[in-house]
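Okay, so here's the structure we're looking at.
Since every read-out is calculated from the coordinates, none of them should be taken as a lab result. This one's a predicted model, so the numbers in the text were calculated from it and none came from an experiment. So basically every Cβ, Gly included, is an ideal-geometry build from the backbone, and we count neighbours across all protein chains shown.
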Amino acid sequence: MNCRGDDFSVTYSETQIEQMKKDDLQYFLHPTSSILDMEAWGGPRIIAEGNGIRVKSVEGKSYIDCGAGLWLNNVGFGRTELADAAKEQMEKLSYFQCFNGYSHPLVIELAKKVSAMAPVDEARIFFTSGGSESNDTAYKLARTFWYLNGKPDKNHIIGRSKAYHGVSYGAVSATSLPGFWDGFRPLVPNFHHIPHPHCYFCAWGKEQSNCSLECADALEQKILEVGQEHVAGFTAEPVIGTGGAIVPPAGYYQKIREICDKYDVLFIADEVICGFGRTGKMFGIEHWGVTPDIVMMAKGITSGYIPMGAVAISGEVFAPIKKHGILMHGYTYSGHPVACAVSLKNLEIVECENLVENTAVMGEMLRAKIRELGIPCIGEVRGLGLMNAVQLVKDLENHTRFDASVGFAKKVSNLAWENGLILRPLIDDGLQLSPSLVITESDIDELVQKLAVSIEEGYREIMG
Ligand SMILES: Cc1ncc(COP(=O)(O)O)c(C=O)c1O
């Protein structure tokens, strides 16, 4: 691994740090950050450098980043190969459009590469600048597919509760998490939601022994309610990310695929987090052996070194567009040459360093070591590969959560910051554990030890 190594250490004086915090509070409007919290802390937590699975604050303190940024840093921080690839491409061709019949060598190479990797038949790739754009693109492609096939009324999209698909208007309309709709209505019409599957908190009150995948049947019921002639597609994150690293049961997506086929509904898989190794397979949906019609990607496609996203569509979805002759949709940065260069190098690293295999092994180990802690408020330890969450509960037997007013996961996350971990609280008292895919066994030991201390401290605090 070509990282900058341990020499990474920019230092700032106390005066500089204080000024930065003041300026941040005065000038910067943060995405999805509590302004009250940042004010209470005397300014945001400022990160200056990264190396492998760790980052350093401007104060010079090192943290294991349990979130790999926002679930995206697959190859680790500080990879000089990626910086070199970007520099070389900027010098050669910093930008050229892919509109109006133009192309460039690296976008062709990357489209071919992603097409070969994507779990879609005869995949054709459209590039975006991130996950929300990929989601909007996917819904537009689903609608245009039916429109061009003479069914313009087949334009409804069904998603699920606890889904996060982004914040642009299409994506946020498919999202279903508290807070993202308030104040932004009206949303895009013709989006619907069904309950998400989560066995630990089964919405149908079923156990494994008497479950007949009612969570998948909910899709059929919704299609019948909306009308088959209206439903263009069903969208799902193979493993729910921001909603809590929730893995559906065995057989779920096979049944979803059958229902989609029965009612002529496109299956649109949002692999923005899952894609490119995070779940211990190259794509999340591969765990169920199912083939979607459209797949959204972003994050791991460049490990976040530069913004990029993509959408893969099947040959069948492309056919009417080809016949029509043009897709009137595109972003200035679709297929940006520098992002393509970084992505190609990033994917080469994922493959050459066997990061997908490492993810499967390290993920198992991480979950096992947390379960072994035997801390009484640790309920479900769930996930696939390095897409995990620890569920904090009040009552292990009945899976009862603490009252939301306790803010337990947030408390633990603040203690974790003191203990050298960047640990994000997820909705309903989950803690996100999705470090970079380059994590090693000794890193996991350190992470689990710091996590245990933070949870125990938090538990003692709330139990008095
Ligand atoms: C599954 C999923 N889809 C889409 C998005 C939106 O991506 P972006 O923030 O790049 O627009 C995210 C972001 O976290 C995501 O997790």
In the chain, with Lys and Arg counted as +1 and Asp and Glu as -1 at Cβ, which of these residues, Thr11, Pro44, Tyr169, has the Cα nearest the positive end of the dipole, that is, farthest along it?
Tyr169
Show me the ranking of peptides 290-299, 50-59, 212-221 by mean Cβ neighbours inside 10 Å, starting with the highest.
290-299, 50-59, 212-221
Number of Lys pairs in the range 171-307 with C-alpha atoms less than 30 angstrom apart, excluding same-chain neighbours closer than eight positions?
10
Among Ile35, Val239, Phe99, the residue whose Cα sits farthest towards the positive end of the charge dipole of the chain (+1 at Cβ of Lys and Arg, -1 at Cβ of Asp and Glu, taken about the Cα centre) is Phe99
How big is the dipole moment of the range 81-352 about its Cα centre under a simple scheme where the beta carbon of each Lys and Arg is +1, that of each Asp and Glu is -1, and everything else is neutral? Debye, nearest 20, please.
320 debye
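Rounded, prolate or oblate: pick one for the range 81-352, where a ≥ b ≥ c are the square roots of the eigenvalues of its C-alpha gyration tensor, a/c under 1.5 means rounded, and failing that, prolate if a/b is larger than b/c, else oblate. The partial results should precede the final answer.
On the way: a/c = 1.86, a/b = 1.46, b/c = 1.27.
Cα axes put the range 81-352 in the prolate bin.
Among 117-127, 150-160, what's the highest-first ranking by average C-beta atoms within 10 angstrom per residue?
Values: 117-127: 21.1, 150-160: 19.3.
Output ranking for 117-127, 150-160: 117-127, 150-160.
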Length gained when the stretch Ile427-Glu353 is fully extended (0.36 nm per residue, less Cα-Cα span)
23.3 nm
Using the Cα centre of the range 1-123 as the reference point, and only Cβ charges (+1 on K/R, -1 on D/E), how large is the resulting charge dipole? Debye, rounded to the nearest 20.
140 debye
For the chain, the helices passing both cut-offs (Cα extent along own axis of 27 Å or more, Kyte-Doolittle mean at least -1.0, full DSSP H runs) are 441-463
Summing -39500 (n - 2.57) over every DSSP H run of at least 4 in the chain, dividing by its residue total and rounding to the nearest 500, the 222 nm mean residue ellipticity is -12000 deg cm²/dmol
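Can you tell me the dipole magnitude for the chain around its Cα centre, using point charges on the Cβ only (Lys, Arg +1; Asp, Glu -1), in Debye to the nearest 20?
Details: 42 positive and 57 negative charges, 181 e Å.
In total the dipole reaches around 860 debye.
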Sorting check: for 91-97, 305-311, 161-167, which peptide has the highest mean count of neighbouring beta carbons within 10 Å, and how do the rest follow?
305-311, 161-167, 91-97
